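Novice: Before anything else, here's the structure in question.
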Amino acid sequence: MAQCSRPCLRGVGRRGVLATGLVVAPALLRPAFADDPAALPPQPGDRFAHLTGPRKGQVVADGDLPLGGPQVQAYPIDIKSGLVRDQSRLNLVILARFDPATLSAETRARAADGVVAYSGVCTHQGCAVNMWVTSKSALYCSCHGSTYDPRDGAAVIAGPAPRSLPSLALATADEAPFVTGGFSGHVGPTQQ
Ligand code: FES
C-alpha cells in the first residue's frame, strides 16, 4: 500500500481503503491558546459540528452518521453560544454509528445509541485519522497505515500507532450525541 509522508486523501484504494471526503482540519496547523474557549477540550454538554460536507458547521445528528461507518469528522460545539472549539489541533473528533450489539462492552458503555466518538488525531505522529477501511470496518490513518477498530475502543489492529484513540463518553438527546466527559486518555502522540 502506498503511503503518504503527510496527511492526504485518496480515492478507493486497492485494498478497499475509502476516502470519505474527510479532510485534514485547518486548525491542525494553528497554535492553540489555553485561555481561548475555542481551544478548550470537549466539555460536558458539548455537541459536535460537522467539519466538512454539505452540513459543514451544523450540529451532528445521529442520522448524519451512516450505520456501520464510515466516520464523520467534527469539532465540539458549545450549543448555547454556538462556539465551535476548533482552535486546538487536539480537538478533532471522529464519530461513527454502529449496531450497539456489535460494540465491545466497554465501548458500548461510552456510546450513545451506537454512536461512538474518538479523538481524530493519530497516536503515532499526530496525523488526522481521515480514512476508512471498508473490508475491516476500521478507522485508518493514511500517513503510515495505523488502523483502529471503532467497535472495540479504537484499539490498534494494524500499523505503528502505540495506543488506541482516546474516546469521549456520550449521551444522546433530540437524536443527537453530546459529550458527558473528557477524553479517556492522552490525545495525540505521546511526544509533542
Ligand atoms: S501518524 Fe503515523 S500512522 Fe498515523
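The values are calculated or read from the model by the stated rules, or taken from the named source; none is laboratory data. This structure is a prediction, so every number in the text was calculated from the model and none was measured. With ideal geometry, Cβ positions are generated from the backbone for all residues, glycine too; neighbour counts draw on all protein chains shown.
Novice: Do you know which of the residues in the stretch 90-107 that are under 19 Å from residue 67 (Cα atoms) and among the polar types (S, T, N, Q) is farthest from the ligand (Cβ to nearest atom)?
Specialist: At the first step, the residues of the stretch 90-107 found to be under 19 Å from residue 67 (Cα atoms) are 93-105, 107.
Imposing the further condition that a residue be among the polar types (S, T, N, Q) reduces the set to 102, 104, 107.
Working: 102: 25, 104: 22, 107: 21 Å.
For the stretch 90-107, the residue satisfying everything is 102.
Novice: Please work out which residue is nearest to the ligand (Cβ to nearest atom), limiting yourself to the stretch 108-144 and to residues that are among the aliphatic types (A, V, I, L, M) and over 11 Å from residue 69 (Cα atoms). Walk me through it before giving the result.
Specialist: Of the stretch 108-144, the ones among the aliphatic types (A, V, I, L, M) are 109, 111-112, 115-117, 121, 128-129, 131, 133, 138-139.
From what's left, over 11 Å from residue 69 (Cα atoms): 109, 111-112, 117, 121, 128-129.
On the way: 109: 27, 111: 24, 112: 27, 117: 19, 121: 9, 128: 9, 129: 7 Å.
Looking at residues that are among the aliphatic types (A, V, I, L, M) and over 11 Å from residue 69 (Cα atoms), I get 129.
Novice: Let me ask something additional. Are any of the residues in the stretch 170-182 within 10 Å of the ligand (Cβ to nearest atom) and in contact with a Ser or Thr (Cβ under 8 Å, 6 or more places away or on another chain)?
Specialist: For the stretch 170-182, residues within 10 Å of the ligand (Cβ to nearest atom) and in contact with a Ser or Thr (Cβ under 8 Å, 6 or more places away or on another chain): absent.
Novice: Restricting attention to the stretch 71-90, which residues are in contact with a Gly (Cβ under 9 Å, 6 or more places away or on another chain) and not in a strand (DSSP E or B)?
Specialist: If the condition is that a residue be in contact with a Gly (Cβ under 9 Å, 6 or more places away or on another chain) and not in a strand (DSSP E or B), then 71, 79, 80, 89, 90 are the ones that fit.
Novice: Please verify whether the stretch 70-89 includes one or more residues that are within 16 Å of the ligand (Cβ to nearest atom), modelled with pLDDT of 95 or more and either surrounded by fewer than 19 Cβ atoms within 10 Å (Cβ to Cβ) or of a type in the set (A, V, I, L, M) (or both). Break it down stepwise before answering.
Specialist: Residues of the stretch 70-89 that are within 16 Å of the ligand (Cβ to nearest atom), as a first pass: 71, 73, 89.
Imposing the further condition that a residue be modelled with pLDDT of 95 or more reduces the set to 71, 73.
Remaining after also requiring either surrounded by fewer than 19 Cβ atoms within 10 Å (Cβ to Cβ) or of a type in the set (A, V, I, L, M) (or both): none.
Scanning the stretch 70-89 turns up no residue that is within 16 Å of the ligand (Cβ to nearest atom), modelled with pLDDT of 95 or more and either surrounded by fewer than 19 Cβ atoms within 10 Å (Cβ to Cβ) or of a type in the set (A, V, I, L, M) (or both).
Novice: Among the residues in the stretch 92-100, are any small (Gly, Ala, Ser) and outside any strand (DSSP E or B)? Let's see the steps before the verdict.
Specialist: Within the stretch 92-100, the subset small (Gly, Ala, Ser) is 96.
Then keep just the ones that are outside any strand (DSSP E or B); that gives none.
For the stretch 92-100, residues small (Gly, Ala, Ser) and outside any strand (DSSP E or B): absent.
Novice: Being hydrophobic (A, V, I, L, M, F, W, C) and more than 18 Å from the chain's Cα centre (by Cα) is the filter here; which residues of the stretch 90-106 pass it?
Specialist: Residues of the stretch 90-106 hydrophobic (A, V, I, L, M, F, W, C): 90, 92-96, 98, 101, 103, 105.
101, 105, listed by residue number.
Novice: Working only within the stretch 42-57, note down all residues that are touching a Gly at 6+ places or on another chain (Cβ under 7 Å) and not in a loop (DSSP other than H, G, I, E, B).
Specialist: Within the stretch 42-57, the first condition is being touching a Gly at 6+ places or on another chain (Cβ under 7 Å), and the residues that meet it are 42, 44, 49-50, 52-53.
If the condition is that a residue be touching a Gly at 6+ places or on another chain (Cβ under 7 Å) and not in a loop (DSSP other than H, G, I, E, B), then 49, 50 are the ones that fit.
Novice: For the subset of the stretch 145-159 comprising residues that are near the ligand (Cβ under 10 Å from one of its atoms) and either assigned to a loop (DSSP other than H, G, I, E, B) or over 14 Å from the mean Cα position of the chain (by Cα) (or both), which member is surrounded by the fewest Cβ atoms within 10 Å (Cβ to Cβ)? I'd like the intermediate steps shown before the answer.
Specialist: Narrowing the stretch 145-159 to residues near the ligand (Cβ under 10 Å from one of its atoms): 145-148, 156, 158-159.
From the residues that got through so far, the ones that are either assigned to a loop (DSSP other than H, G, I, E, B) or over 14 Å from the mean Cα position of the chain (by Cα) (or both) too are 145-146, 156, 158-159.
Values: 145: 19, 146: 24, 156: 17, 158: 14, 159: 16.
Among them, the one singled out is 158.
Novice: Quick test for you: out of 151, 85, 97, 110, pick the one residue that is farther than 30 Å from residue 35 by Cα and in contact with a strand residue (DSSP E or B) (Cβ under 7 Å, 6 or more places away or on another chain). Before the answer, list the steps.
Specialist: Numbers: 151 fails: in contact with a strand residue (DSSP E or B) (Cβ under 7 Å, 6 or more places away or on another chain); 85 fails: farther than 30 Å from residue 35 by Cα; 110 fails: farther than 30 Å from residue 35 by Cα.
From the options 151, 85, 97, 110, the qualifying one is 97.
Novice: Suppose the filter is crowded, with 23+ Cβ neighbours inside 10 Å, within 14 Å of the ligand (Cβ to nearest atom) and not aliphatic (A, V, I, L, M); does residue 164 pass it? I'd like the intermediate steps shown before the answer.
Specialist: Details: crowded, with 23+ Cβ neighbours inside 10 Å: no; within 14 Å of the ligand (Cβ to nearest atom): yes; not aliphatic (A, V, I, L, M): yes.
So residue 164 fails the test.
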